[in-house]
Amino acid sequence: MENFSPWSALAGGALLGLSAAVLMLFSGKVAGISGIISGLFTRKKKEFSWRLAFLTGMVLSMFILQPFSIDLPELIKQPVLSIIAAGFLVGFGTRLSNGCTSGHGIIGLGRFSKRSITATLIFMAAAVIVVFIRSRLGVL
């Protein structure tokens, strides 16, 4: 939380919401990242190109943001095994909850989905517990 700013958090949240709304408005698609990525591997007709464009835009955004001195998290400082383990845990949780934080937390809450409200409450509770354990006990 070294560079936390409520204004940058607000701007980031607004951009996430705007991008999800634009995708839903113009294509009827849900901006759940796990679903978009998994759809790249199923190769449904007329589904591959928009998914690839969405993910390409996400990756390119870090280069677009560089001139504005916006710092992104540095994963290189983390042990590779912990990054891999985190990826597997996120994938497992995504399958278990039938969606990811972006699908449930941004789209599902906006649609007042009971399943998404429940999933988001569980995501947030788990995050609070992990932060508490890491900050107070120095574990994980």
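On the basis of being modelled with pLDDT under 80, of a type in the set (Phe, Trp, Tyr) and either over 17 Å from the mean Cα position of the chain (by Cα) or surrounded by 14 or more Cβ atoms within 10 Å (Cβ to Cβ) (or both), does PHE68 make the cut?
Numbers: modelled with pLDDT under 80: yes; of a type in the set (Phe, Trp, Tyr): yes; either over 17 Å from the mean Cα position of the chain (by Cα) or surrounded by 14 or more Cβ atoms within 10 Å (Cβ to Cβ) (or both): yes.
So PHE68 fits the description; yes.
Have a look at PHE63, PHE88, PHE54 and point out the one that is more than 21 Å from LEU18 (Cα to Cα), part of a helix (DSSP H, G or I) and not small (Gly, Ala, Ser).
Numbers: PHE63 fails: more than 21 Å from LEU18 (Cα to Cα); PHE54 fails: more than 21 Å from LEU18 (Cα to Cα).
PHE88 is the lone residue from the list that is more than 21 Å from LEU18 (Cα to Cα), part of a helix (DSSP H, G or I) and not small (Gly, Ala, Ser).
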| task | Search the range 29-42 for residues that are under 17 Å from GLY105 (Cα atoms) and pair each with any residue that is in a loop (DSSP other than H, G, I, E, B) and not small (Gly, Ala, Ser) when their beta-carbon atoms are under 7 Å apart and the residues are at least 6 apart or on different chains. | result | GLY32/CYS100; ILE33/CYS100; SER34/CYS100
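So, in the range 1-49, of the ones that are polar (S, T, N, Q) and in a helix (DSSP H, G or I), which residue ends up surrounded by the most Cβ atoms within 10 Å (Cβ to Cβ)? Working first, answer last.
Kept after step one, since they are polar (S, T, N, Q), are these residues of the range 1-49: 3, 5, 8, 19, 27, 34, 38, 42, 49.
If we keep only those that are in a helix (DSSP H, G or I) as well, we get 8, 19, 27, 34, 38, 42, 49.
Details: SER8: 12, SER19: 17, SER27: 11, SER34: 19, SER38: 14, THR42: 9, SER49: 8.
Top of the filtered list is SER34.
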| query | Mind checking which pairs have a first residue in the range 113-137 that is free of Cβ contacts under 8 Å to residues at least 12 places away in the same chain and a second that is exposed (fewer than 11 other Cβ atoms within 10 Å of the Cβ) and of a type in the set (A, V, I, L, M), Cβ under 7 Å, 6 or more apart or different chains? | reply | VAL130/LEU140; ILE133/VAL139; ILE133/LEU140; ARG134/LEU140
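The values are calculated or read from the model by the stated rules, or taken from the named source; none is laboratory data. The shown structure was predicted, so the numbers you read here are calculated from the model rather than taken from an experiment. All Cβ positions, glycine included, derive from the backbone under ideal geometry; neighbour counts span all protein chains shown.
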